[in-house]
Amino acid sequence: MKKLYFILSAIILTFNINAQLTVKLNINHKLLSQNFAFNQTSTNNLGHSFNLNRMQYYLSSFVIIHDGAQTTTATGVYNLVDASTITSINLGTYTNITNIEGIKFSVGVNTPENNQDPALWPSNHALSPKSPSMHWGWASGYFFIALGGNSSPSLNQQLELHALGNTNYYSQTITTGATLNATELIITINADYAQALKNINISSGLILHGSSGSNAVMATNFRDFVFTPLSTVGINENSLSTNGIVVYPNPSSTGLFAISADNYPKNSTTLKITNVTGRVMDVKKLNELNNNEISIDTKGIYFISLLNNDVLITTQKVIVY
């Protein structure tokens with residue numbers, strides 16, 4: 001009996017050591033606070049009305065951040081996202097990942113693949129020829145983002161923006177956790193496509209293909225504003241409150257943010273500040289904060305994560321302008 005016990009223990013230990021978890025990235029498609037739908041009227045931050053009948057973009061260069069800031073690359077994963085359908089991206093199966101801390105990815109297609117012949121890929125691959133086309137020719141490469149619809153007060157002017165170009169290939173990091181579903185770790189983020197048109201004048205319609213002008217603005221909007229962790233509320237609010245933490249003001253012109261997290265014990269709760277590349281800017285315990293304030297010196301997009309006993313509770317995006 002004792003021998004059998006040791007055999008069973010060894011089998012269980014071996015299973016635990018070699019347990020495999022599949023990591024998936026799910027994207028909730030949004031237009032401001034509403035779920036995304038074609039021909040749904042919305043507005044950008046300039047108050048210009050629009051609706052969309054096409055919203056496609058490539059995602060690539062996925063890196064999973066996990067288990068104490070370790071990084072694992074999801075090699076060879078490309079996905080053509082269509083906002084009209086459910087998006088669940090399989091990032092692979094791993095034995096070394098147990099706790100997700102973030103996800104890093106780029107909108108578009110990396111080089112040299114961006115400037116190769118799409119016909120080289122199997123027909124079921126994300127980079128193979130598509131209809132409608134997602135490719136502008138070998139020299140220019142793929143459309144990183146293809147947005148189409150109508151705009152103007154009467155919604156009767158054509159809106160078509162196709163962003164491309166290696167100079168618009170940006171990396172971004174979303175600090176977020178994951179839910180465990182059987183043998184799957186599922187990362188879920190929001191994508192608000194009203195933010196794709198932030199600061200773009202579409203009051204009289206707009207048709208533009210290329211790597212500059214409004215297309216370059218749209219590409220940076222995808223990098224800075226479109227994607228947020230599931231726990232984050234709207235970044236245009238003056239204060240953010242999620243899971244008992246309040247950040248005020250947001251955005252901030254001075255770089256000073258007041259933090260309130262009264263529901264968590266000071267001796268075991270920390271705040272971690274990271275930039276858009278995932279680099280940790282600062283880590284502070286709540287009881288070390290000066291009047292519960294943090295200061296960020298440089299303009300840009302940052303993420304404030306609340307951790308209790310090193311377990312991620314929530315992450316909020318903040319802006320210094």
Notebook entry, point to check: What residue, of 215, 201, 221, is assigned to a loop (DSSP other than H, G, I, E, B), at pLDDT 80 or above, in the same structural domain as residue 167 (by TED's automatic domain parsing) and not basic (Lys, Arg)?
Noted result: 201
Next item on the list: May I ask you to list the residues in the stretch 51-95 that are polar (S, T, N, Q), under 27 Å from residue 307 (Cα atoms) and free of Cβ contacts under 8 Å to residues at least 40 places away in the same chain?
Entry: 70, 71, 72, 73
Item checked: the stretch 165-189, subset over 19 Å from the mean Cα position of the chain (by Cα) and within 28 Å of residue 215 (Cβ to Cβ), residue surrounded by the fewest Cβ atoms within 10 Å (Cβ to Cβ) -> 167
Notebook entry, point to check: What single numbered condition from (1) aliphatic (A, V, I, L, M); (2) at pLDDT 95 or above; (3) over 15 Å from residue 227 (Cβ atoms); (4) assigned to a strand (DSSP E or B) fails to hold for residue 191?
Noted result: (3)
Next item on the list: Can you give me the number of residues within the stretch 92-110 that are under 17 Å from the mean Cα position of the chain (by Cα) and either modelled with pLDDT under 95 or basic (Lys, Arg) (or both)?
Entry: 5
Check: When residues of the stretch 149-168 are filtered for being within 15 Å of residue 219 (Cα to Cα) and not in a loop (DSSP other than H, G, I, E, B), how many remain?
Finding: 8
Next item on the list: Scan the stretch 144-154 and give yes if some residue there is crowded, with 16+ Cβ neighbours inside 10 Å, touching a helix residue (DSSP H, G or I) at 6+ places or on another chain (Cβ under 7 Å) and within 17 Å of residue 61 (Cα to Cα), otherwise no.
Entry: yes
Notebook entry, point to check: Of the conditions (1) in contact (Cβ under 8 Å) with a residue 40 or more places away in the chain; (2) not in a strand (DSSP E or B), residue 123 fails just one. Which one is it?
Noted result: (1)
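A quick yes/no check of all residues on (1) at pLDDT 95 or above; (2) of a type in the set (Val, Ile, Thr); (3) surrounded by fewer than 19 Cβ atoms within 10 Å (Cβ to Cβ); (4) more than 16 Å from the chain's Cα centre (by Cα):
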| site | (1), (2), (3), (4) |
| --- | --- |
| 52 | yes, no, no, yes |
| 56 | yes, no, no, no |
| 67 | no, no, yes, yes |
| 70 | no, no, yes, yes |
| 76 | yes, no, yes, yes |
| 82 | yes, no, yes, no |
| 90 | yes, no, yes, no |
Notebook entry, point to check: Do any residues in the stretch 127-153 that are in contact (Cβ under 8 Å) with a residue 60 or more places away in the chain have Cβ atoms under 9 Å from those of residues that are among the basic types (Lys, Arg), where the two are at least six apart or on different chains, and which pairs are they?
Noted result: 132/54; 146/54; 147/54; 148/54; 149/54
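The values are calculated or read from the model by the stated rules, or taken from the named source; none is laboratory data. Predicted model only: the values in this text are computed from it and were never measured. Cβ atoms come from the backbone with ideal geometry, glycine included; neighbour counts cover every protein chain shown.
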